[in-house]
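Peer 1: The structure's right below; bear with me while I get my questions together.
The values are calculated or read from the model by the stated rules, or taken from the named source; none is laboratory data. A quick note: this is a predicted structure, and the numbers were derived from the prediction, not measured. Glycine also receives a Cβ, built like all others from the backbone with ideal geometry; neighbour counts cover every protein chain displayed.
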There are 4 protein chains.
Amino acid sequence: MANSKFEYVRHFEMADNMLPSTWLVVRIDGRGFHRFSQTHNFAKPNDRRAIELMNRCAIEVMKDIKDIILAYGQSDEYSFIIPKSSNLYSRRSSKISSTVVSLFASNYVMHWAEYFGEDKLQYAPCFDSRTVCYPNDKVLRDYLSWRQADCHINNLFNTTFWALVKSGMTEDAAEKHLRGSFSKDKNEILFVEFNINYNNIEPIYRKGSTIIRQKTEVTSISPRNGEEVKRIKLIPTAIYDDIIGQDFWDRHPELLAEKRR
Amino acid sequence: MANSKFEYVRHFEMADNMLPSTWLVVRIDGRGFHRFSQTHNFAKPNDRRAIELMNRCAIEVMKDIKDIILAYGQSDEYSFIIPKSSNLYSRRSSKISSTVVSLFASNYVMHWAEYFGEDKLQYAPCFDSRTVCYPNDKVLRDYLSWRQADCHINNLFNTTFWALVKSGMTEDAAEKHLRGSFSKDKNEILFVEFNINYNNIEPIYRKGSTIIRQKTEVTSISPRNGEEVKRIKLIPTAIYDDIIGQDFWDRHPELLAEKRR
Amino acid sequence: MANSKFEYVRHFEMADNMLPSTWLVVRIDGRGFHRFSQTHNFAKPNDRRAIELMNRCAIEVMKDIKDIILAYGQSDEYSFIIPKSSNLYSRRSSKISSTVVSLFASNYVMHWAEYFGEDKLQYAPCFDSRTVCYPNDKVLRDYLSWRQADCHINNLFNTTFWALVKSGMTEDAAEKHLRGSFSKDKNEILFVEFNINYNNIEPIYRKGSTIIRQKTEVTSISPRNGEEVKRIKLIPTAIYDDIIGQDFWDRHPELLAEKRR
Amino acid sequence: MANSKFEYVRHFEMADNMLPSTWLVVRIDGRGFHRFSQTHNFAKPNDRRAIELMNRCAIEVMKDIKDIILAYGQSDEYSFIIPKSSNLYSRRSSKISSTVVSLFASNYVMHWAEYFGEDKLQYAPCFDSRTVCYPNDKVLRDYLSWRQADCHINNLFNTTFWALVKSGMTEDAAEKHLRGSFSKDKNEILFVEFNINYNNIEPIYRKGSTIIRQKTEVTSISPRNGEEVKRIKLIPTAIYDDIIGQDFWDRHPELLAEKRR
């Protein structure tokens, strides 16, 4: 059949398998989300609906791709963690990256209305993604710490910036006012000028969202006798903990455990 | 700031730039579309709505990513062609792959209702993608020929298979009936048993869909004087031509031209 | 200057840095060493001169490239171990591979006469090399165990095979005689037919050669007063230990230690 | 056998095949050749013996690896050209790079005495190598032009620099004297101050060395009747032509021809 004569072009596809026995991190990032957030009137400094939609998408991705053991999200980005022992898609980088990002993007549109109600989605969102190897637990934790520290830095800045702007300062003036300031300066401004104790701000904003599979009681109706059945299932659930410190990892020892179910 | 101490993890991100001066092909493929097409009652052998939705998504991708000069789609796959001279995202493989596939996926959900009306989307679709280098025009054309030949083979098989099934044969029996058959056998079955001349079937099914930027007259209303203004713009448009033969390329010499606008 | 107009070709050189924080193993292999060993009348099953020349080359490589902490060799192959913390040549794969292999090859010719005396080198030897990442200590040790187990298997086979051949069997007959035999069968043949206790064979043949930096007393003459000066230096030295078991690693804890001088 | 339990470590070896249908260029570079040339008292600005030894090594590499169609060398570097159609070592990058560089290095030592006579080789030389894809004839030619332009620039500088130094200037003063000078300035210095017409300098210095397979009459003695037999063979031979201009390629059309023997 004529096909065979063209099939040789397959040999131009290069292997892109990731190194075995390393943590895989798929990070997706919103493309052009500055404009996207303006078009859709996202609240400043944080839009609760937008965050919860991001979390919902991450949960849907984790429901679909069982190899993901944890996801961490903040702002318009999400990182998905696949364990060292996983052989998901033979660890092919583009297969993993593209599956995660397309699931995320399609779920974003799918569930938009549940979070934004009457505020219509104006155009299709876009995310990029990449898959990175982290060879040991320490660098994996440092990766997650990097993202959570980034969340903290940005959120403290944004909280202070928008407080200034809402109080009447121009965006330019607020920008200049905060240039070169340290964390303690911003904490001070918030406290003194706006009576805001930054540490009392909701953790979802300060810490970002971590999705892990939590033991959850699930109630279903038995098809046999119509009775309620309660079972414990592992359900991806968003929490807003500090994941930089040791505590979180002590409370969830299964995350870094070598052996998996 | 604490951030810097973790930032070293960036160095685990490896460069994945594609070789310069080669054609880049991003191919996306529906994941689990057999189940997806059953859940959504796609017509057999071809669902016109599903094809037109795929084409719409490809058009939206091309409207967004100007570097793509041609897209070819059939079944649940689409290939996007980026010229040798392009420096899109510095030719980073994962950036290109993920941007294209997430745009495609989010548009798929976004525009579903325009094509499927009351038939609701049951769950979020998923596509994978990869980016492949093709170093010269011949192998690029052979790549596209490979996909179009594949379209032909599958469509001829599916058309015959579903004609048999609709006439009362079980799927198993139809499968066995066609096993080992040649193109001419299937053409014969269609003609003799079902009075179908395969070559008269609509090109969109036999040839798949090719999206190119066609000169199109666009009418707009001048904001100055309210008069109609007609302009020629290049609009991504689906055609259903044979792209294996030389004719198509002679008619569109700009596609393979070295110099671009 | 005319140069600049061509210099763009540099952009076709792709990055090939190896993942940070992983063990790097450079393995070199003799190309066509079956013919090479015949041309140069290597003794069978093992040629002491050839082994010592290989070890010498490995030692010279280690004297030159200080990042290598251990080398393991057997037959016509050698593996060089570079620690996780090393940033040798920015961890560029081809730079590391090629530097090691070319140093090894040039030293092989350079020192040939010291080991082979009157037996002239007939033609230039050739080795290939590759660099592989191993993400943790366990897989690194398993890699080295793999090579030493391979040494054992081959040496036991070769020792038995050549004993049979030297006793009058044809090579074909010896081959057939040993086909499908287990280790204990070969041990038995050696013991019963040739009165050889395999375990008494010199470790250099059974275990291969491991080069590590040993503390060595070095005597030099002071240029100031002409007196002898004794100092302890770390000198790459061949030993013939078992490196599969835990003992070796307990005796040399610095090899797997995270912190390096 | 115990081997199998460790053999899994093979899966850490990643594929590194080069894109099909592209020119492969293996470039080797002397490591630390500044010191090497001083230790061995290379003549300045060019050491004829060193150049001819480099050429000899390149010829030996080409005699061994038949896929190489051309090699170009200057200073302490050599580039080997492998055609688009070649499937040498399945186009594995490290296999190709390492084989070429180790052959080159071992031949360098092997043939040293033929060119340097009594001047003994003091230590083993080292070269690095890399393999780069060039997707079409133009970029391949531009690559070679880049190297030959580099040869010209360096040789003109070195010729002028060493003329100044030999005439009594210190190296520092000569360096300063030439800083920022153009080609015509250096040509002028050579002509006016040293009565040297740069264009009359031997092409081997100005153009570097190109090795191609030249039809050569080879005489051998027939073993049958003891008579002389003359045959035409393709023998790798050094020439010193301009390879930037079109002429060279017109005279050797087989080099860029698609079809090969």
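Peer 1: What residue, of B:VAL100, B:VAL25, is within 10 Å of chain A (Cβ to nearest Cβ) and either at pLDDT below 95 or in a helix (DSSP H, G or I) (or both)?
Peer 2: B:VAL100
Peer 1: From the list D:LYS184, D:LYS176, D:LYS166, which residue is modelled with pLDDT of 95 or more, more than 14 Å from chain C (Cβ to nearest Cβ) and farther than 22 Å from D:ALA43 by Cβ? Can you show your working first?
Peer 2: Numbers: D:LYS184 fails: more than 14 Å from chain C (Cβ to nearest Cβ); D:LYS166 fails: farther than 22 Å from D:ALA43 by Cβ.
On inspection, the qualifying residue turns out to be D:LYS176.
Peer 1: Tell me yes or no: at least one residue of region A:56-64 is within 13 Å of chain B (Cβ to nearest Cβ), touching a His at 6+ places or on another chain (Cβ under 6 Å) and farther than 30 Å from C:LEU19 by Cβ.
Peer 2: Within region A:56-64 (the criterion being within 13 Å of chain B (Cβ to nearest Cβ), touching a His at 6+ places or on another chain (Cβ under 6 Å) and farther than 30 Å from C:LEU19 by Cβ), the answer is yes, since at least one residue qualifies.
Peer 1: Here's a follow-up. Anything in region B:56-72 that is of a type outside the set (A, V, I, L, M) and buried (at least 23 other Cβ atoms within 10 Å of the Cβ)? List them, or say none.
Peer 2: Passing the criteria: B:CYS57, B:TYR72.
Peer 1: Starting from residues that are part of a loop (DSSP other than H, G, I, E, B) and among the aliphatic types (A, V, I, L, M), keep the ones in region C:9-22 and report whichever is surrounded by the most Cβ atoms within 10 Å (Cβ to Cβ).
Peer 2: Filtering region C:9-22 for residues that are part of a loop (DSSP other than H, G, I, E, B) and among the aliphatic types (A, V, I, L, M), the one surrounded by the most Cβ atoms within 10 Å (Cβ to Cβ) comes out as C:MET18.
Peer 1: While we're looking at this one, here's another question. Inspect all residues belonging to region A:209-227 and state whether any of them is in a strand (DSSP E or B), over 24 Å from A:GLU52 (Cβ atoms) and touching a residue at least 24 places away in the same chain (Cβ under 8 Å).
Peer 2: Within region A:209-227, the subset in a strand (DSSP E or B) is A:209-221.
Narrowing the set further to residues that are over 24 Å from A:GLU52 (Cβ atoms) leaves A:220-221.
Filter once more, so that each one left must be touching a residue at least 24 places away in the same chain (Cβ under 8 Å): none.
Checked region A:209-227: no residue is in a strand (DSSP E or B), over 24 Å from A:GLU52 (Cβ atoms) and touching a residue at least 24 places away in the same chain (Cβ under 8 Å).
Matching residues to (1) in a helix (DSSP H, G or I); (2) within 14 Å of chain C (Cβ to nearest Cβ); (3) of a type in the set (Phe, Trp, Tyr); (4) touching a residue at least 12 places away in the same chain (Cβ under 8 Å):
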site: B:GLN38; (1), (2), (3), (4): yes, no, no, no
site: B:ASN46; (1), (2), (3), (4): no, no, no, yes
site: B:SER86; (1), (2), (3), (4): no, yes, no, yes
site: B:LYS95; (1), (2), (3), (4): yes, no, no, no
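Peer 1: Inside region A:11-22, can you point out the residues that are within 11 Å of chain B (Cβ to nearest Cβ) and in contact with a helix residue (DSSP H, G or I) (Cβ under 8 Å, 6 or more places away or on another chain)?
Peer 2: A:PHE12, A:ASP16, A:MET18, A:LEU19
Peer 1: Hey, another quick one. Out of region A:1-48, which residues are farther than 30 Å from B:VAL9 by Cβ and within 18 Å of the chain's Cα centre (by Cα)? Working first, answer last.
Peer 2: Start the filter on region A:1-48 by keeping residues that are farther than 30 Å from B:VAL9 by Cβ, which leaves A:1-12, A:38-41, A:43.
Listed by number, the list is empty, since nothing qualifies.
Peer 1: Still on this structure, I have one more. Given the conditions (1) part of a loop (DSSP other than H, G, I, E, B); (2) surrounded by 11 or more Cβ atoms within 10 Å (Cβ to Cβ); (3) at pLDDT 95 or above, and given that A:TRP249 satisfies all but one, which numbered condition is not satisfied?
Peer 2: (1)
Peer 1: Also: Evaluate the following for A:PHE6: is it without any contact (Cβ under 8 Å) to a residue 24 or more places away in the chain and either farther than 30 Å from A:ALA113 by Cβ or part of a helix (DSSP H, G or I) (or both)? Spell out how you get there, then give the answer.
Peer 2: Details: without any contact (Cβ under 8 Å) to a residue 24 or more places away in the chain: yes; either farther than 30 Å from A:ALA113 by Cβ or part of a helix (DSSP H, G or I) (or both): yes.
In short, yes.
Residues are listed down the side, and each one gets a yes or a no for (1) surrounded by 14 or more Cβ atoms within 10 Å (Cβ to Cβ); (2) under 27 Å from the mean Cα position of the chain (by Cα); (3) within 30 Å of A:ARG56 (Cα to Cα):
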residue	(1), (2), (3)
A:HIS177	yes, no, no
A:GLY180	no, no, no
A:TYR198	yes, yes, yes
A:VAL218	no, yes, yes
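Peer 1: Would you say B:ARG130 is within 15 Å of the chain's Cα centre (by Cα) and among the charged types (D, E, K, R)?
Peer 2: It is true that B:ARG130 is within 15 Å of the chain's Cα centre (by Cα) and among the charged types (D, E, K, R).
Peer 1: Can we say D:TYR78 is within 21 Å of D:THR210 (Cα to Cα) and in a strand (DSSP E or B)?
Peer 2: Criteria met by D:TYR78.
Peer 1: Give me a count of the residues in region B:107-165 that are of a type in the set (Asp, Glu) and either touching a Cys at 6+ places or on another chain (Cβ under 9 Å) or surrounded by 22 or more Cβ atoms within 10 Å (Cβ to Cβ) (or both). Before the answer, list the steps.
Peer 2: Step one: of region B:107-165, the residues of a type in the set (Asp, Glu) are B:114, B:118-119, B:128, B:137, B:142, B:150.
Next, only the ones that are either touching a Cys at 6+ places or on another chain (Cβ under 9 Å) or surrounded by 22 or more Cβ atoms within 10 Å (Cβ to Cβ) (or both) stay: B:128.
Here the count works out to 1.
Peer 1: If you take the residues of region C:103-115 that are of a type in the set (Phe, Trp, Tyr) and closer than 17 Å to C:ARG48 by Cα, which of them is nearest to the other protein chains (Cβ to nearest Cβ)? Spell out the reasoning first.
Peer 2: Quick first cut of region C:103-115, residues of a type in the set (Phe, Trp, Tyr) only: C:104, C:108, C:112, C:115.
Narrowing further to those that are closer than 17 Å to C:ARG48 by Cα: C:108, C:112, C:115.
Values: C:TYR108: 6, C:TRP112: 9, C:TYR115: 15 Å.
Looking at the filtered set, the residue picked out is C:TYR108.
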